[in-house]
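Encoded as structure tokens, the structure appears first; notes follow it.
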Amino acid sequence: MNDYDVIVVGSGVGGTAVGALLANKSLNTLLIEKNEIIGGRCSTYEKNGFKVDVGVHSFARADKGPLGKILEMIDMEGAINWSIVGQGESQWHYKGGFHGFPEDLRKFLPKEDLLKLLSLINQVSKLKDTSKLDEIDVKSWLTQYTTNSLIHRYFYLISGLYFVIPYHHVSAGEFIRCLTSLNKYQRVGYPEGGCISIPLAYIEGIKKRGGKILTNTTANKIIVEDEKVKGIELDNGEFISSDIVISNAGVKDTVNRLIGRDYFKKEFLQKIDNLSYSLSAITLKLALKKSLTPYKMVISFGSENVEEYYSQMSKGKVPDEIDYFIPVPSNYHTSMAPKEKQLLTAGTMLPRENFEKNKKKWIENSFSTLEKVFPGLSENLLWYDITTPEDIDIMYGKESSVVGIAQTNEQSGINRPSVSLPIKDLYMVGGDAGGWGIGTELAAMSALECSNIIIKEKLVKK
Ligand SMILES: Cc1cc2nc3c(=O)[nH]c(=O)nc-3n(C[C@H](O)[C@H](O)[C@H](O)COP(=O)(O)OP(=O)(O)OC[C@H]3O[C@@H](n4cnc5c(N)ncnc54)[C@H](O)[C@@H]3O)c2cc1C
């Protein structure tokens with residue numbers, strides 16, 4: 001008899017969600033996390049009365065998407081208090097002003113281009129099968145309909161926001177699946193208590209069913225014998241046995257280090273070696289003396305020229321005016337900041353390479369960009385924190401990526417790495433395997449996919 005039915009390595013959204021789903025099916029579950037705080041990239045800490053996210057988060061479909069569905073499935077519907085972005089609460093900052101989307105696009109687009117864009121969005125939202133579009137990237141697909149530079153800039157920004165890779169690398173199929181589901185539900189939200197509330201709710205689900213959580217506990221090895229998983233070895237040498245092991249630690253680290261390359265066939269290893277991660281990000285968390293904006297979410301951009309913006313970044317240069325995604329957590333829930341103060345978070349994608357060398361310039365240009373969006377920012381700044389690509393790598397691994405395995409043509413739809421690894425009873429979960437969606441949505445979909453397979457294989461057979 002093994003110590004556990006299931007061991008989950010890692011407490012990201014994917015790990016905690018799959019743990020909760022399986023514990024809910026009465027599987028004796030242990031979840032371990034190497035850090036002191038749970039949640040992986042979806043985590044929050046407290047500083048001077050502010051609740052600060054590690055990253056910069058807003059949640060696609062919120063309670064109506066997979067994050068909410070998982071709570072329903074474990075009988076914890078309502079465990080999260082979501083604040084939803086309402087009409088006019090999300091704005092684009094462009095050419096020195098705030099604008100709504102899509103209603104204000106008419107101010108900037110010739111009528112003919114605006115009609116083309118609206119008809120394109122209408123057409124794709126009716127598509128039943130998006131799989132064919134997994135073979136083409138967003139830029140090439142869009143160019144078939146329009147070459148308008150502002151529309152291209154818009155699709156570049158959305159691709160960066162959803163998938164953290166430039167639009168000429170994103171699968172058009174994945175883009176359309178996400179855009180369509182967001183349009184259908186018209187729902188973006190943020191949980192009370194910060195983004196950690198999501199993995200915390202799933203952890204509650206595990207505990208409620210008798211499962212166990214160990215933080216500050218690192219898996220050193222996943223033990224395999226006779227092509228079947230046997231359990232894990234901790235970094236203190238302790239062995240814990242289990243019928244099933246699910247890794248949330250990232251597909252490359254799981255295969256190359258936690259299990260070891262000797263256990264896999266050459267063709268499989270080649271596939272793993274060829275997988276690429278999403279880009280990284282710099283995120284600023286800005287604690288302000290007073291409120292500078294009424295909005296819940298702002299997306300700002302300067303240059304309209306996609307090629308110019310991207311080529312600067314890929315050559316290791318820092319754009320003068322940086323694209324910024326700026327959720328304002330204290331406008332979602334006042335409890336995120338002390339009374340009358342405001343918390344702004346701002347994130348932008350960038351390649352990990354060259355960042356350290358240009359760190360000072362990135363910070364300088366970030367502040368000058370954000371000052372343009374929110375005049376008075378510097379004089380109202382109490383303090384700020386920054387999370388860099390290096391911080392993400394040290395804390396959570398996965399080559400500093402924001403999302404996980406990038407949603408390119410080669411890695412989306414049927415080409416997505418599978419949640420089942422070619423060793424009996426060994427699975428992957430999170431942004432590195434299975435699913436579709438935006439960030440945490442992708443990780444949650446992966447958990448649903450993984451738990452469905454396990455439930456079918458283990459419980460239905462019983
Ligand atoms: C800056 C930034 C902004 C983002 N913005 C958004 C957003 O607005 N909306 C959105 O939906 N998503 C966003 N995301 C993405 C989202 O946070 C991630 O996609 C999601 O949280 C990844 O979950 P995961 O299940 O893959 O696990 P991860 O978050 O990668 O967690 C894996 C966990 O496993 C642990 N671990 C690894 N190895 C071991 C080991 N050997 N032993 C024990 N534990 C181990 C790690 O410490 C970590 O806690 C953002 C991410 C970042 C970084």
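The values are calculated or read from the model by the stated rules, or taken from the named source; none is laboratory data. Small disclaimer: the values here were computed from a predicted structure and weren't measured. Don't worry about glycine lacking a Cβ; one is built from the backbone with ideal geometry, like all the others, and counts go over all protein chains shown.
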Name the single residue that is surrounded by the fewest Cβ atoms within 10 Å (Cβ to Cβ) among those in region 189-219 being of a type outside the set (S, T, N, Q) and assigned to a loop (DSSP other than H, G, I, E, B). Gly210
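Counting only residues that are in a helix (DSSP H, G or I), more than 25 Å from His93 (Cα to Cα) and of a type outside the set (A, V, I, L, M, F, W, C), how many does region 163-188 have?
Going through region 163-188, the residues in a helix (DSSP H, G or I) turn out to be 163, 172-185.
So of that shortlist, the ones also more than 25 Å from His93 (Cα to Cα) come out as 172-174, 177.
With of a type outside the set (A, V, I, L, M, F, W, C) added as a condition, the list becomes 173-174, 177.
Selection size over region 163-188: 3.
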Taking interchain pairs and intrachain pairs at least six residues apart, which have beta carbon atoms under 9 angstrom, with the first residue in region 419-440 and more than 29 Å from Leu161 (Cβ to Cβ) and the second of a type in the set (Lys, Arg) and modelled with pLDDT under 95? Asp425/Lys458
Surrounded by 23 or more Cβ atoms within 10 Å (Cβ to Cβ), of a type in the set (S, T, N, Q) and closer than 29 Å to Leu288 by Cα: does that describe Ser401? yes
Over region 220-270, the set of residues closer than 24 Å to Glu410 by Cβ, without any contact (Cβ under 8 Å) to a residue 60 or more places away in the chain and surrounded by 12 or more Cβ atoms within 10 Å (Cβ to Cβ) is Asn256, Arg257, Arg261, Leu269
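Only one of these is modelled with pLDDT of 95 or more, surrounded by 23 or more Cβ atoms within 10 Å (Cβ to Cβ) and within 16 Å of the ligand (Cβ to nearest atom): Tyr295, Tyr277. Name it.
On the way: Tyr295 fails: surrounded by 23 or more Cβ atoms within 10 Å (Cβ to Cβ).
One residue alone meets the criteria, Tyr277.
Being of a type outside the set (S, T, N, Q) and within 16 Å of the ligand (Cβ to nearest atom) is the filter here, so list the residues in region 314-335 that pass it.
To start, the set of residues in region 314-335 that are of a type outside the set (S, T, N, Q) comprises 315-329, 332-333.
Of everything in region 314-335, those that are of a type outside the set (S, T, N, Q) and within 16 Å of the ligand (Cβ to nearest atom) turn out to be Ile322, Asp323, Tyr324, Phe325, Ile326, Pro327, Val328, Pro329, Tyr332, His333.
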Got a sec? Which of Tyr145, Tyr162 is more than 24 Å from the chain's Cα centre (by Cα) and in contact (Cβ under 8 Å) with a residue 24 or more places away in the chain? Tyr145
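From the residues in region 19-53 that are of a type outside the set (Gly, Ala, Ser) and under 27 Å from Tyr185 (Cα atoms), which one is farthest from the ligand (Cβ to nearest atom)? Give the derivation first.
Taking region 19-53 first, the residues of a type outside the set (Gly, Ala, Ser) are 21-22, 24-25, 27-38, 41-42, 44-48, 50-53.
Those left that are additionally under 27 Å from Tyr185 (Cα atoms): 21, 41-42, 44, 53.
Details: Leu21: 13, Arg41: 3, Cys42: 4, Thr44: 11, Asp53: 8 Å.
By that ranking, first place goes to Leu21.
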Looking only at region 280-290, and only at residues there that are more than 17 Å from Met395 (Cα to Cα) and not aliphatic (A, V, I, L, M), the one that is surrounded by the fewest Cβ atoms within 10 Å (Cβ to Cβ): Lys290
The number of residues in region 333-363 that are among the basic types (Lys, Arg), touching a residue at least 12 places away in the same chain (Cβ under 8 Å) and assigned to a helix (DSSP H, G or I) is 3
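Residue-by-condition table, conditions (1) hydroxyl-bearing (Ser, Thr, Tyr); (2) closer than 14 Å to Thr408 by Cα; (3) assigned by TED's automatic domain parsing to the domain that holds Trp436; (4) in contact with a helix residue (DSSP H, G or I) (Cβ under 8 Å, 6 or more places away or on another chain):
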| residue | (1), (2), (3), (4) |
| --- | --- |
| Gln123 | no, no, no, no |
| Val138 | no, yes, no, yes |
| Trp141 | no, yes, no, yes |
| Asn148 | no, no, no, yes |
| Arg153 | no, no, no, yes |
| Ser159 | yes, yes, no, yes |
Residues of region 327-358 satisfying the condition of being among the charged types (D, E, K, R) and at pLDDT below 95: Arg352, Glu353, Glu356, Lys357
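In region 2-47, how many are over 16 Å from the mean Cα position of the chain (by Cα) and either in a strand (DSSP E or B) or on the phi > 0 side of the Ramachandran plot (or both)?
Looking only at region 2-47, we keep the residues that are over 16 Å from the mean Cα position of the chain (by Cα), and these are 2-9, 18-37, 45-47.
Now restrict to residues that are either in a strand (DSSP E or B) or on the phi > 0 side of the Ramachandran plot (or both): 4-9, 26, 29-32, 45-47.
Within region 2-47, residues that are over 16 Å from the mean Cα position of the chain (by Cα) and either in a strand (DSSP E or B) or on the phi > 0 side of the Ramachandran plot (or both) number 14.
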Could you please give the count of residues in region 10-43 that are surrounded by fewer than 24 Cβ atoms within 10 Å (Cβ to Cβ) and β-branched (Val, Ile, Thr)? 3
Suppose we filter Thr254, Thr283 for residues that are in contact with a Ser or Thr (Cβ under 8 Å, 6 or more places away or on another chain), within 29 Å of Val56 (Cβ to Cβ) and assigned to a helix (DSSP H, G or I); which single one remains? Thr254
Per-region count, region 362-382, residues on the phi > 0 side of the Ramachandran plot and touching a strand residue (DSSP E or B) at 6+ places or on another chain (Cβ under 7 Å): 0
Please list, ordered by first then second residue, the pairs with beta carbon atoms under 7 Å, 6 or more apart or interchain, first in region 389-409 and under 20 Å from Gly173 (Cα atoms) and more than 8 Å from the ligand (Cβ to nearest atom), second among the β-branched types (Val, Ile, Thr) and in a helix (DSSP H, G or I). Ile405/Val251
